[in-house]
1. Condition test on residue 9, is it of a type in the set (A, V, I, L, M, F, W, C), over 30 Å from residue 189 (Cβ atoms), open to solvent by 80 Å² or more (accessible area, probe 1.4 Å) and modelled with pLDDT of 50 or more?
2. Being assigned to a helix (DSSP H, G or I), modelled with pLDDT of 80 or more and either among the aliphatic types (A, V, I, L, M) or over 16 Å from residue 66 (Cβ atoms) (or both): is that true of residue 162 here?
3. Take residues that are within 30 Å of residue 188 (Cα to Cα) and either hydroxyl-bearing (Ser, Thr, Tyr) or under 38 Å from the mean Cα position of the chain (by Cα) (or both) and tell me which of the strands (runs of 3 or more DSSP E) falling wholly in the stretch 45-158 contain 1 or more.
4. On the basis of being modelled with pLDDT under 90, in a helix (DSSP H, G or I), aliphatic (A, V, I, L, M) and in contact with a Pro (Cβ under 6 Å, 6 or more places away or on another chain), does residue 182 make the cut?
5. What residue, of 206, 196, 171, is surrounded by 14 or more Cβ atoms within 10 Å (Cβ to Cβ) and at pLDDT 90 or above?
6. State yes or no: is residue 122 more than 23 Å from residue 69 (Cβ to Cβ), without any contact (Cβ under 8 Å) to a residue 12 or more places away in the chain and either open to solvent by less than 50 Å² (accessible area, probe 1.4 Å) or in contact with a strand residue (DSSP E or B) (Cβ under 7 Å, 6 or more places away or on another chain) (or both)?
7. Assuming residue 102 fulfils every condition listed in (1) exposed (fewer than 11 other Cβ atoms within 10 Å of the Cβ); (2) modelled with pLDDT of 50 or more; (3) of a type in the set (Gly, Ala, Ser) apart from one, which condition is it?
8. When you scan the stretch 33-41, do you find a residue that is surrounded by 13 or more Cβ atoms within 10 Å (Cβ to Cβ), under 24 Å from the mean Cα position of the chain (by Cα) and either modelled with pLDDT under 90 or of a type in the set (Val, Ile, Thr) (or both), even just one?
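The values are calculated or read from the model by the stated rules, or taken from the named source; none is laboratory data. Being a predicted model, the structure only gives us computed values, none of them experimental. Heads up, the Cβs are rebuilt from the backbone with ideal geometry, glycines too, and the neighbour counts pull from every protein chain shown. Calculation scope for accessible area: heavy atoms of the full protein, side chains included, ligands and nucleic acids excluded. Shrake-Rupley method; radii C 1.70, N 1.55, O 1.52, S 1.80 Å.
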Amino acid sequence: MTDSTPGPADAPQPPAPAAEVKPPEPADSADSEAMPLAPIASAPMPLVLPDPLQFTEVRSADGRMVLTNDQLQINGQVFGWWELEGVDVQRVRWLLWLLLGGFTLAGFLLGFLQNWLRTMPAVLGIMVGTLLLAMGQRGTNRVRLHRLGREAMHFALPGELASWQKLTAEANRRIRQRHHEAAQAATAVLLASTPAFPDSPLSTEAT
């Protein structure tokens, strides 16, 4: 006779214990310190500018053009270096004198060859025509001043072209120097009025 009593495997199992809930752990202090912070604006660093370059006074032979430390004087008119963009000079022929000399010389030569004039009047006319041609060929030196935002001004100056070329080259050098100094001063004002950040290019340039 077999035993039909259920074994211990068929007995009800006890309930499983509930999972234990842990409170959230506080963030590590080292991780919080590693977080990037917003850059803090530092005080603007002043830019040290060199002293302006001092120029000596230069005059032309006839005194019509004078180059000083801060300005250009030509035929009594004064122009500051900052208001000029450049100066150039070129030789200009007097077309009117060339035409008058050519017509005078051709007319007297034609009259002498056609026996319309005697020798002395023809020689005198030929000399006058030759002088007019020489004056027209010599011409004059035209100095042109290029002004910023304004029309260029022209001046007629006699003399050798080489001497005026030297003066205009010196004037252009002074104009470039003064413009460079003005640009440096404007940059210094911009840096002084702009707050510099640690990673900004302005702070790198200032250092």
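1. Details: of a type in the set (A, V, I, L, M, F, W, C): yes; over 30 Å from residue 189 (Cβ atoms): yes; open to solvent by 80 Å² or more (accessible area, probe 1.4 Å): yes; modelled with pLDDT of 50 or more: no.
No: the conditions fail for residue 9.
2. Working: assigned to a helix (DSSP H, G or I): yes; modelled with pLDDT of 80 or more: yes; either among the aliphatic types (A, V, I, L, M) or over 16 Å from residue 66 (Cβ atoms) (or both): yes.
Considered against the rule, which asks whether it is assigned to a helix (DSSP H, G or I), modelled with pLDDT of 80 or more and either among the aliphatic types (A, V, I, L, M) or over 16 Å from residue 66 (Cβ atoms) (or both), residue 162 comes out as yes.
3. On the way: elements: 65-67, 71-74, 77-80, 84-92, 140-147, 153-157.
Hits in the stretch 45-158: 65-67, 71-74, 77-80, 84-92, 140-147.
4. On the way: modelled with pLDDT under 90: yes; in a helix (DSSP H, G or I): yes; aliphatic (A, V, I, L, M): yes; in contact with a Pro (Cβ under 6 Å, 6 or more places away or on another chain): no.
Judged against the criteria, residue 182 is not a match.
5. On the way: 206 fails: at pLDDT 90 or above; 196 fails: at pLDDT 90 or above.
Matching residue, one of 206, 196, 171: 171.
6. Working: more than 23 Å from residue 69 (Cβ to Cβ): yes; without any contact (Cβ under 8 Å) to a residue 12 or more places away in the chain: no; either open to solvent by less than 50 Å² (accessible area, probe 1.4 Å) or in contact with a strand residue (DSSP E or B) (Cβ under 7 Å, 6 or more places away or on another chain) (or both): yes.
No: the conditions fail for residue 122.
7. Going through the list (1) exposed (fewer than 11 other Cβ atoms within 10 Å of the Cβ); (2) modelled with pLDDT of 50 or more; (3) of a type in the set (Gly, Ala, Ser), residue 102 breaks only (1).
8. Within the stretch 33-41, the subset surrounded by 13 or more Cβ atoms within 10 Å (Cβ to Cβ) is 41.
Checking which are under 24 Å from the mean Cα position of the chain (by Cα) leaves us with none.
No, the stretch 33-41 has no match at all.
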